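Chemist: Can you keep this structure in mind? I'll have questions shortly.
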Amino acid sequence: MARQSRPTSSTSTASTRRRRGETERRIRANDREFNAQFHYANNYIKTSKYSVLTFLPLNLFEQFQRLANFYFLCLLVLQMIPAISSLTPVTTAVPLIGVLALTAVKDAYDDYQRHVSDSQVNNRKSLTLRNGKLVEDKWAQVQVGDVIRMENDQFVAADMLLLSTSEPNGLCYIETAELDGETNLKCRQCLLETAEMGQDDARIGAFNGEILCETPNNLLNKFEGVLTWQGKSYALDNDKVVLRGCVLRNTQWCYGMVIFAGKDTKLMQNSGKTKFKRTSIDRLLNFIIIGIVFFLLSMCLFCTIACGFWETITGRHFQIYLPWDKLVPTDPTEGATVIALLVFFSYAIVLNTVVPISLYVSVEVIRFVQSFLINWDEHMYHEKSGTSAKARTTTLNEELGQIEYIFSDKTGTLTQNIMTFNKCSIGEKCYGDIIDEQTGEVLELAEGTVPIDFSANPDYEPEFKFYDKSLLEAVRRKDETVHSFFKLLALCHTVMPDEKSGRLEYQAQSPDEAALVSAARNFGFVFKERSPNSITIDVMGEREVYELLCILDFNNVRKRMSVILRKDGKLRLFCKGADNVIYERLKNNSDSRKIKTQDHLNKFAGEGLRTLCLAVRDLDDDFFNDWKNRHQAAALSLDNRDEKLDAIYEEIEKDMELLGATAIEDKLQDGVPQAISKLAQAGIKIWVLTGDKQETAINIGYSCQLLTDDMAEVFIVDAHTFEEVELQLGKLKDAIGNLEKSDGVNGGPTAVSVVTFRWGKEQSESDYQHGCSVEEPEISGGIALVINGHSLVHALHPKLEKLFLEAASQCKSVICCRVTPLQKAMVVELIKKNKHAVTLAIGDGANDVSMIKAAHIGVGISGQEGMQAVLASDYSLPQFRFLERLLLVHGRWSYFRMCKFLRYFFYKNFAFTLCHFWFAFFCGFSAQTLFDPIFISFYNLFYTALPVMSLGVFDQDVNDKNSLSYPKLYTPGHQDLLFNKKEFLKSAMHGFFTSCILFLVPYGTYLDGVSPKGHALSDHMLFGSVVATILIIVVTAQIALDTAYWTWWSHFTIWGSLCIYFAFTFITNYVFGGSYVGSLSKAMIEPTFWFTTILTVTLLIVPVLAWRFYFVDVKPTLSDRVRLKQRLESLRSRQSQDILRTPSARRTRRSIRSGYAFAHQEGFGRLITSGKIMRKIPRPNTDFSFPLSFGSTIGASLSPRKPVVATSSSSSAGAFNNLAPPEIPGGFNEQS
Amino acid sequence: MCADVILKDPTSECTCDITFTLDKDFAGKVYMYYGLTNFYQNHRRYVKSRDDSQLLGRLNPKPSSDCNPFTTTNANDTRAIAPCGAIANSLFNDEIELISEKLGQVKLLNTGIAWPSDKKMKFNNPSGDLTEAFKEYAKPPNWRKNVYELDPNNPDNNGFENEDLIVWMRTSALPTFRKLYRRVDHTATGFVQGLLAGNYLLKIKYNYSVKPFDGTKRVILSTTSLLGGKNPFLGIAYIVVGSICLLLGVLFLLIHIKCGKR
């Protein structure tokens, strides 16, 4: 069987983490003693790090592992030694303790949250069998080997072997959205032998089967094991196992035996390790700080040597007034050496403020507040779900401004995972547009548009919305084609009806099918129930029963499905499928309907809708019987069965008559295309990684503008072997190479920038021209890559990695489909590792968790059912479109602010600290501080902290509106333009010169300074106070210059800091009796001080002004220009506000492309015809009823590789169901 | 030379006479400063070597350890030193007299030379009789007089409140510095206008040794203006900076006209 011999791609790459020592797992059901000897993990989950007792030591230990903290601890110890201490230890101790305490509180809070969520999960209730009785137990107490009862819509507590279920044949339905993100129902089936136990607790309690199976691993689609029970062995595979994180659906109850629990479950094994994420600025900062430390040490070394010389030349003789310390040897050389060595440490203390401890605190605080700005942004609040954006990690904000790659999940992230029946074309007429009654123009769907009222129909669904009244009128007119059309929709599918609290509900394998059947239902063609050989529908309130003769099921090759039905003796084939497939099989006459429908199809496809063509064919009995026989023969053949069946199907699906076409909208989330195009303009590459099928992925790619028609090529890599993948990638590379050659100027990233700028301008113009005729900007350079999961396996192989990376990174967009969660993470890691780019992963399901964790920044979509992605994420957003604002506004601002903050911070600390260095030349390198120790402690804490904090929190170069309208503003972050080593050096040099001038100008004026009253003004305290005051004034003036966006807070902090400086100096000296009392006031009453201040400030600020003016005037950046524009705009803001309209969500696609709507794998067709999933036996009064056959099909289920034909059933009552292909129960949820 | 004499025997007396001529009148108030060079009053160990609490009059038999090694005189005499510390110990103690050729002795005032704030807030005598209060305390080793005998003519100018001490205790920022020594008494006849041109004699009772560390001593007579003493730095700096700003202004105007059309 070809299908099953295909390699299961996902399994071969995924690494298997084996527990040391455990090579196999042996479990005995309901036998805790036996299982206890293996010490398997129980179902308790622990993600928290600390307990109450371990918190303090562990947390401190962790904190001192941070280089900075350790450094300051060393400093503190040094300051305790009197011979060295040049400053009181308090100056270091207070900030250090503050930092440690702050971080500890934050860590404690985070860990508390983890404890809460752990205990919430651990305390979920589950029904466990104990000695044949059901006991309510906590999840945490569930052990391997326990048997658990689960009920509908409950989460599965652990990885379990299914024992019995409420559904016939031991079937059970699960939703695996938490695991792999797929929301369609999956079917699992337990062993028939165990299924017999039903819900007899006593019997199940006595179940003592023994399982020998694989060790815990992270492969979601693979399970191998053997069950030994009652002397017989049964093979176990993935089909008999339900995994933790799944949700039970449509199954009243089921029993399962725990195989893997807690951290051994596949869900937990897949979740990967939480890594401590750090931003690239953090890393740069660490590098810079190490650099600064070296700079500091070299300054100290310099001072040491100089001190040695000074002590030998001068200090030694100065001993008559200043004797050396007792511990210093009296020998001149030795003594000088010892003093010099001690001075090394003293200077390390004095100059340590170049590596300010408050930097770390300030950075943390700024990020923290920035996170709140993200949380509070009402533009990122989603009213429908009532959720807002949330920064779950507060340490990564500025990295949001540097994202180069976005990896996005599709389902639930880009799309809403809602399919809506949007339009249709029936018998040459197109329905679905809202036409203005007066003008005849097609109207855009607006808020106020009233949908048709279907309430006359008892089975109508209120959430179904359709706006074109003419279709309902056509139905009421009993238009024959329209009726056939809807009957087809109601009949030709594999949907299962289900009664839920009195309401009819449908369970479909794909949302597309569900949408079609529900559309028919609302128009009065209600699919009521099905049996293996009949389908019952309500047509406008009248019951119609069709005899189901055959289901020609869907598969990827056929791209269509058909049913053959008999009603009132008439045989009819209903078929729906992809347009090109259907058109090939239509009657050979040039029908106007074909042309019209084709036009409509093009229109639908152009609007990004997923289309299906519907066709019927009347059959005569002779032909059908003949065909049926051949079909049966083919179904029985042992080799090439699939191909033979396909050929047989081909025979009957021809000469069909076209009915029309449907158009389904795979509803994108609001604003996704705009967001994507904006992000792309910002120079961010967007990759879609999805578990979906290739077609679906491409389709979505088109509708969200990732793929466009002006792309040169959409290159698909879908090979299965290493060599083929290599070949395909090689071709892709050649294609890119060729394109670049032919494109010449347009190639490369510069082209993009040119284009986007034009696009920005074009918006307003093309608004009314509607795109079609307007020449699109030449983006034609792009190639898109679509790569399948099974090819990705090889592409990610170390040998091909480079090639793949090279090719993929030159593509305009990349879509990876059918990828496993782990592959998603691997792709992210690949880019992270090799491109050194900042990556962001966004997803909504548990299948995205590994990717979210792997990326620099993980974003979870909140407001959905599963919370796993959100819990693992750094930021959570209610909608994908908010990503645009998160990155282009908040990210950019955060980056801008952080960079500005850092530049200023280093500047101010260099300016401050180096004054001591200059002073060293005059004080005999004795490590005497120039400033008051109180000033030194307060400088970073009070005098200069607030303005720069307010800058770090509130500053913005351009406002949010312009940030969004000029996505190019985002690009500086990609090149680290705003803060890098060069920028740091600039700031440091700025600080260096500032300190130099700060010292030298007062030196000049105060060298022989006397007051008019004759008092000498050249004393140390006065000089220190003067320099300190000018320093504060200059540094504050500088921050005022740097502040681009003045809020009342900026005013408050900037003027406030000046006031605080003077107030504190006054208070500490006059109230608390500081030794500097009177120094500053003495200085300030003398005009010398003011003249000096004005001179120094001018000297320091004018060059900065000149420098800035020059660059803004001569080489303005985009940001400068936008700011200028913004300023001009705000001047005439009362004039007309030009509203930049974003292009319409559905930009018309020019190409004729079919996006056909079958997002699912093979349907339930086989199960339906075999009757396996039927609960009710069809009513006896229908003449074609027959007893259901279980035995033989079940035999097949145990050994799926051996085709077994349902002979017993076919012999009985001449039923038609033997037309169905042999039973392969596991087949339909096969992955590839 | 006196310096050498003192070097040999610090207790010996030596007087140094220096004559000089004022070419023109010093109009206004004239102040006399002493200047020291290469004197590291700003050295870390020097700066910290004082006990501010003691100087506020709170005498304590155990002064702050900052004063080491000038806390107690020596191993035998365990009396604490007042004022303790290296700064006080190295108090400048030359006595300078100014004699005008025409008018004889110039009357010099030794009050009003310290900052009022210092006198008020940083230096207080212990209460009661000074001699009694300082009985249990030794004078700094370098000193020739006790702390309560610093100004024999003015009982209020003794102890910690002695202005010469206060001036000295305000350590200088730079190794070259001047400190106010005396004010010329302009109420005396002949000095109302200031110091008139003519020949003068400086009579210096040489006590203070600067030779070992290659220091120098100066005596400076100076009048003051709004900006204090004679200091050309500010003026020159203002002229230079002003011209640069002007130049920059013109330059940027040109740049703006030429390239700023964006």
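Chemist: May I ask you to evaluate 6.51 cos²θ - 1.76 cosθ + 1.60, the Karplus curve with θ = phi - 60°, for each residue of the stretch A:103-116 and list the ³J(HN,Hα) values in order in whole Hz, giving x for glycine and proline?
Modeler: Calculated HN-Hα couplings, in order: 5, 4, 4, 5, 4, 4, 4, 4, 5, 4, 4, 5, 4, 4 Hz.
Chemist: Something else: Using alpha carbons only, how many angstrom separate the centre of the stretch A:1080-1100 from the centre of the stretch A:292-317?
Modeler: Between the Cα centre of the stretch A:1080-1100 and that of the stretch A:292-317, the gap is 31 Å.
Chemist: Under the Karplus relation 6.51 cos²θ - 1.76 cosθ + 1.60, θ = phi - 60°, what is the ordered set of whole-Hz ³J(HN,Hα) values for the stretch B:91-107, x standing for Gly and Pro?
Modeler: Coupling constants for the stretch B:91-107: 3, 5, 10, 5, 10, 10, 10, 10, 10, 8, 4, 7, 9, x, 3, 8, 6 Hz.
Chemist: Contact order normalised by length for the stretch A:42-127, with contacts defined as Cα pairs under 8 Å and 6 or more residues apart; what percent is it?
Modeler: 46 percent
Chemist: Structure shown: which of A:587/A:628; A:908/A:1013; A:678/A:799; A:559/A:802; A:46/A:824 lie over 29 Å apart, alpha-carbon to alpha-carbon?
Modeler: The answer is A:908/A:1013; A:678/A:799; A:559/A:802.
Chemist: Hey, what do the phi angles of the stretch B:173-186 turn into as Karplus ³J(HN,Hα) couplings, whole Hz, using 6.51/-1.76/1.60 and θ = phi - 60°, x for Gly and Pro?
Modeler: Once θ is set to phi - 60°, the couplings for the stretch B:173-186 become 7, 10, x, 9, 8, 10, 10, 5, 9, 8, 9, 6, 7, 8 Hz.
Chemist: Compute the relative contact order of the stretch A:81-216 as a whole-number percentage, counting only Cα pairs closer than 8 Å that sit 6 or more residues apart in sequence.
Modeler: 18 percent
Chemist: For the stretch A:111-223, with only Lys/Arg (+1) and Asp/Glu (-1) charged at the beta-carbon, what is the dipole magnitude about the Cα centre, in debye rounded to 20?
Modeler: 220 debye
Chemist: May I ask you to list the trypsin sites (Lys or Arg not before Pro) in the stretch A:354-391 that are in a DSSP loop and have at most 14 other Cβ atoms within 10 Å of their Cβ?
Modeler: A:384
Chemist: Just to be sure I understand the interface: list residues from the stretch A:318-346 that lose 50 Å² or more of accessible area between the chain on its own and the complete protein assembly, 1.4 Å probe.
Modeler: Residues of the stretch A:318-346 that lose at least 50 Å² of accessible area once the other chains are added: A:318, A:320, A:321, A:322, A:323.
Chemist: Gaussian network model of chain B, Cα springs within a sub-10 Å range: biggest mean-square fluctuation belongs to which of B:115, B:168, B:143?
Modeler: B:115
Chemist: 5 Å is the cut-off here: which amide hydrogens, built 1.01 Å from N in the peptide plane, fall below it relative to residue B:173, excluding neighbours closer than 5 in sequence?
Modeler: Correct list: A:1019, A:1020.
Chemist: According to a simple spin-label model (label point 7 Å from Cα along Cα-to-Cβ), what is the distance in nm between residue B:144 and residue A:599?
Modeler: Those two pseudo-labels are separated by 12.3 nm.
Chemist: Measure nothing but the geometry: give the 0 to 90° angle between the long axis through the Cα atoms of B:233-259 and the longest principal axis through the Cα atoms of chain B, rounded to 10°.
Modeler: Around 30 degrees separate the two axes.
Chemist: Let me ask you something else. List the aspartates and glutamates whose alpha-carbon lies under 18 Å from that of residue A:733, not counting same-chain residues fewer than 8 positions away?
Modeler: Correct list for residue A:733: A:713, A:718, A:723, A:724, A:743, A:801, A:806.
Chemist: Calculate the spin-label point distance for residue A:1102 paired with residue A:1044, positioning each point 7 Å from the Cα along the beta-carbon direction, and give it in nanometres.
Modeler: Result: 2.7 nm between the two label points.
Chemist: Quick one: putting +1 on the C-beta of Lys and Arg, -1 on the C-beta of Asp and Glu, what dipole do you get for the stretch A:907-1013 around its Cα centre, in Debye to the nearest 20?
Modeler: 140 debye
Chemist: Buried accessible area for the A:B pair, summed, 1.4 Å probe, in Å² rounded to 100?
Modeler: So the buried area, both faces added, is about 5600 Å².
Chemist: Another question about this same structure. Using a cut-off of 18 Å between alpha-carbon atoms, which lysines can reach residue A:469, once sequence neighbours fewer than 8 places away in the same chain are excluded?
Modeler: A:423, A:429, A:478
Chemist: What stretch of chain B, leaving out the sites themselves, is the longest with no GluC sites (Glu not before Pro) in a DSSP loop having at most 12 other Cβ atoms within 10 Å?
Modeler: The longest such stretch corresponds to B:137-262.
Chemist: Leaving ligands and nucleic acids out of the surface, order A:133, B:258 by accessible area at 1.4 Å, largest first.
Modeler: Ranking A:133, B:258 by accessible area, largest first, yields B:258, A:133.
Chemist: Follow-up question, since we're still on this one. How much accessible area per residue does chain B have, counting only protein heavy atoms and a probe of 1.4 Å, in square angstrom?
Modeler: 49 Å²
Chemist: Which loop trypsin sites (Lys or Arg not before Pro) in the stretch A:231-307, with loop taken from DSSP, have no more than 14 other Cβ atoms within 10 angstrom of their Cβ?
Modeler: Here the sparse-neighbourhood loop sites are A:273, A:275, A:278.
Chemist: Additional query: Based on the alpha-carbon gyration tensor of the stretch A:632-728 and its eigenvalue square roots a ≥ b ≥ c, which shape applies: rounded if a/c is under 1.5, prolate if not and a/b is larger than b/c, or oblate?
Modeler: It is oblate, given that a/c is not under 1.5 and a/b is not larger than b/c.
Chemist: So, one more: Between residue B:81 and residues 5 or more places away or on another chain, which pairs have amide H atoms under 5 Å apart, with H built 1.01 Å from N, and which residues are they?
Modeler: B:72, B:73, B:138
Chemist: Among the chymotrypsin sites (Phe, Trp or Tyr not before Pro) within the stretch A:38-74, which fall in a DSSP loop and have no more than 14 other Cβ atoms within 10 Å of their own Cβ?
Modeler: Here the sparse-neighbourhood loop sites are A:38.
Chemist: How well do other chains shield peptide B:112-118, expressed as the mean number of their Cβ atoms within 10 Å of each residue Cβ?
Modeler: Shielding by partners across B:112-118 averages 5.
Chemist: Heavy-atom accessible area per residue, the stretch A:1015-1143, 1.4 Å probe: how many Å²?
Modeler: It amounts to 49 Å² per residue over the stretch A:1015-1143.
Chemist: At 7 Å along the Cα-to-beta-carbon direction for both residue A:297 and residue A:372, put a label point, then send me their distance in nm to one decimal.
Modeler: 4.0 nm
Chemist: Enumerate the amide H contacts of residue A:611 below 5 Å, restricted to partners 5 or more residues apart or on another chain; note that Pro and chain-start residues carry no placed amide H.
Modeler: Amide H neighbours of residue A:611, under 5 Å, 5+ apart: A:664, A:1155, A:1156, A:1157.
The values are calculated or read from the model by the stated rules, or taken from the named source; none is laboratory data. Values in this document were obtained by computation on a predicted structure and should not be read as measured data. All Cβ positions, even for glycine, are placed from backbone atoms using ideal geometry, and neighbour counts span all protein chains on display. Heads up: the accessible areas ignore ligands, DNA and RNA and are worked out on the full protein's heavy atoms, side chains in. Shrake-Rupley method; radii C 1.70, N 1.55, O 1.52, S 1.80 Å.
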